[in-house]
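The values are calculated or read from the model by the stated rules, or taken from the named source; none is laboratory data. All figures in this text were calculated on a predicted structure; none of them were measured in a lab. Keep in mind that these areas ignore ligands, DNA and RNA; they rest on the heavy atoms of the full protein, side chains included. Shrake-Rupley method; radii C 1.70, N 1.55, O 1.52, S 1.80 Å.
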Amino acid sequence: MKKYFIYAYLLIVAGCFTSCGNDEEVNVNDSIFATGTTEKETAFDQWLLENYIYPYNVRVKYRMDDTETDVKYDLVPAEYNRSIALMKIVKHVWMEAYDEVWGIEQTQTYVPKLIQLIGNVAYTESGMILGQAEGGLKVTLFRVNEIDVDNIDPITLNEFYFKTMHHEFTHILNQKKAYDPAFDRISESEYVGSSWYQIDDEEALQKGCISPYAMDRATEDFAEMVSIYVTNTAEDWEYWMRTAGNTGRPILERKFEIVYNYMKDSWGIDLNQLREIVQRRQNEISLLDLSTL
Ligand SMILES: [Zn+2]
């Protein structure tokens, strides 16, 4: 049972489960303000206009909106102050990391157009927790109310939120420019679809997949490689390579070579440079003012 919940938790980290690859339409032209309500514009709304809408054309919805989330889940709204803190951090560690590596115009063109914030986690009738990311246009970040604004843990944040965003962003890039199909064939016989959550980290690594979720299918494998690479240190990566051992390591290295070359040749992104930038910015979170708008 414990194992079940650990992997249920990982679904959030993976950022997508049943919803990943679902091409649900998102109307990117909607106002950032909840429509049909009497909600007043807040100082945060104004900040979002200046920091997300104008520079990136990204809408951030921190209010609950039943049209954006499935009402059968028992969801609570993201708290105002925690939403402010999270969006300040996302801007510094995620958006501006890409700005630094390839310029703000590129970030603006490809970034998911809608970020929905939810206070808690989502459960289905079976108790499963869901993370959501739909069609590359919308990312839902759950568990916002767990952020301790006065005691930020950058590594946990990276795992909770930024890995999800890098993962989804990789799907978007893959949709724009295809990667070398040789990647799909390397672990073709190892992919297990939705049974991935029954696999533990070590087993996945030894089979040549960087995470259990990478064993779902090739496109998830690719997105996991990018997102795990850039949100962890070189030492972490090397530890996983050692864990993968004589069988898994060569497979992971072959796949990573394709991933690295794709990002470099198709997008001009050096994953080593992006990782350095992400790590540096993560360490700068403690210097940010997370409350003043
Ligand atoms: Zn995915």
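Exposure check, 1.4 Å probe, all protein chains in place: Arg280 carries approximately 100 Å² of accessible surface. Going by accessible surface with a 1.4 Å probe and the largest first, Glu168, Glu238 read Glu238, Glu168. Shape class for the stretch 157-293: prolate, because the ratio a/c of the largest to smallest gyration tensor axis (alpha-carbon atoms, square roots of eigenvalues) is 1.5 or more and a/b beats b/c.
What's the carbon and sulfur percent of the stretch 150-293's accessible surface, probe 1.4 angstrom, rounded to a whole number? Can you show the working numbers first?
Values: 2920 of 6500 Å².
In the stretch 150-293, the share of accessible area belonging to carbon and sulfur is 45 percent.
Sorting Ser189, Ser83 by accessible area puts them as Ser189, Ser83; the probe is 1.4 Å, largest comes first, and only protein heavy atoms count. Holding the Cα-Cα limit at 24 Å, pick out from Lys163/Lys255; Lys176/Lys207; Lys177/Lys264; Lys113/Lys163; Lys207/Lys255; Lys88/Lys176 the pairs that are longer than that. Correct reply: Lys176/Lys207; Lys88/Lys176.
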